[in-house]
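Below is one structure; the comments refer to it alone.
The values are calculated or read from the model by the stated rules, or taken from the named source; none is laboratory data. This one's a predicted model, so the numbers in the text were calculated from it and none came from an experiment. Every residue, glycine among them, receives a Cβ derived from its backbone with ideal geometry; neighbour counts consider all protein chains shown. Please note that ligands, DNA and RNA were not included when accessible areas were found on the heavy atoms of the full protein model with its side chains. Shrake-Rupley method; radii C 1.70, N 1.55, O 1.52, S 1.80 Å.
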Amino acid sequence: NTRRKRISSYDKSGGNDDRIYIKPGETQTFAQLEGCGLITHIWITVGNLDMPDEFEEYNMRKVYLQFYWDGEENPSVQAPLGDFFGMGHGITKNFASEPLQMSPQGGRGLNCWFPMPYEKGAKLTVTNECSSTLIFYYYVDFEELKELPKDMLRFHAKWNRELPTKGKGEEEFSDHRDWCFGGKNITGKDNYVLLDAVGKGHYVGANVNIHNLCTNALWDWPGEGDDMIFVDGETWPPSLHGTGTEDYVNMAWCPKEEYCAPYHGLILGGKDNWKGKITYYRYHIKDPVMFEKSILVTIEHGHNNNRSDDWSSTAYWYQTEPHKPFGAIRPMEERLPVDEEEWGWNGLK
């Protein structure tokens, strides 16, 4: 008993200028929905004016989204454009998961199928921090409803970054094995935080982006970090404790082979010896993590948090409102990828 509708950027004059224009520093509301409904699909693609065949470099990080439900003041979704659609590092790349996809050409067709309910309206905004005017094409597909099922939760997504992660200094390692396996983490205190939420709901996954900043020429796997998910204020060890970075994303043995499945994948495998940039995803669609009061989703950056790399992520979850306020998104300069030579480190003496 619903009616399917759409808001898009089509040319209202009947011409073929099917896009909106967003000046540098400008925020525009690209969808203002009234009443009660459910967003079922969002498609976006962008370009930069006078640059029809290429992006402005890193525009996927220079542009960000904020979504608001039911007249709230604090956004429930806040993330750079590319990161929200599943791929970090300020770039696009073809991949397919169940809730998120980047489609040809070159991953520039951005798709999201996470359902997003609202009871008293929804507002979707985009902010352009590129140096040039953004051309922005979009579909927002939704269903009009008379009412939502009782106690339906709201969709949330939040981007995070730690640069560099709080690793150990090279003087603390005697050899390579000590760097990879030394020490014990029995608190989870300095783990990288994927999600810190208060309320009742369920966590449905994240994409995780690692820029390996180590400069040594030896075996340089940036993983070995256990996932630790603390539900409703529990202390270490949490009821959900994993065995390693690639294990959390359902892979094995330090993978470099790019692979995309409905709920887990390796979009970007890194260069030789795991150098450079890596992107994983793990979506808990079939196995959501429920919480009654709070949830803290963390993962070690290297065993015992020994690694000092560039980590970023977007977490996705549903919860009751109000949610814990996100605060302002990081300034554009703090969202951009970094120069390996400037930030490089050496994990061994």
*asked:* For the stretch 264-300, which positions are among the acidic types (Asp, Glu) and either open to solvent by less than 50 Å² (accessible area, probe 1.4 Å) or under 30 Å from Thr235 (Cα atoms) (or both)?
replied: Asp287, Glu292, Glu300
*In the stretch 333-343, residue farthest from Glu56 (Cα to Cα) [restricted to those that are modelled with pLDDT under 95 and surrounded by 15 or more Cβ atoms within 10 Å (Cβ to Cβ)]*: Trp343
_Residues satisfying the stated conditions in the stretch 1-37, i.e. open to solvent by less than 40 Å² (accessible area, probe 1.4 Å), assigned to a strand (DSSP E or B) and closer than 30 Å to Met152 by Cα_ = Ser8, Phe30, Ala31, Leu33, Gly37
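Taking the stretch 57-93 as the region of interest, how many residues are among the polar types (S, T, N, Q) and closer than 20 Å to Leu33 by Cα?
4
Go through Arg330, Arg307 for me and flag whichever is open to solvent by less than 30 Å² (accessible area, probe 1.4 Å), of a type in the set (Lys, Arg) and not in a strand (DSSP E or B).
Details: Arg330 fails: open to solvent by less than 30 Å² (accessible area, probe 1.4 Å).
Arg307 is the lone residue from the list that is open to solvent by less than 30 Å² (accessible area, probe 1.4 Å), of a type in the set (Lys, Arg) and not in a strand (DSSP E or B).
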*Please go through the stretch 271-304 and pick out each residue that is over 20 Å from Val198 (Cα atoms), in contact (Cβ under 8 Å) with a residue 60 or more places away in the chain and either among the small types (Gly, Ala, Ser) or not in a strand (DSSP E or B) (or both).*
Trp274, Lys275, Gly276, Ile285, Glu300, His301, Gly302, His303, Asn304
*Report yes if some residue within the stretch 184-196 is over 12 Å from Thr298 (Cβ atoms) and surrounded by 14 or more Cβ atoms within 10 Å (Cβ to Cβ); otherwise report no.*
no
*asked:* For the stretch 223-235, give me each residue that is part of a strand (DSSP E or B) and under 21 Å from Met251 (Cβ atoms).
replied: Asp227, Met228, Ile229
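Quick grid of which residues meet (1) aromatic (Phe, Trp, Tyr); (2) assigned to a strand (DSSP E or B):
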| position | (1), (2) |
| --- | --- |
| Ser174 | no, no |
| Thr187 | no, no |
| Val193 | no, yes |
| Ala217 | no, no |
| Trp221 | yes, no |
| Pro238 | no, no |
| Asn250 | no, no |
| Cys254 | no, no |
*Selection from the stretch 93-128 of residues that are touching a Gly at 6+ places or on another chain (Cβ under 7 Å), at negative phi and surrounded by fewer than 22 Cβ atoms within 10 Å (Cβ to Cβ)*: Lys93, Asn94, Ser103, Lys120
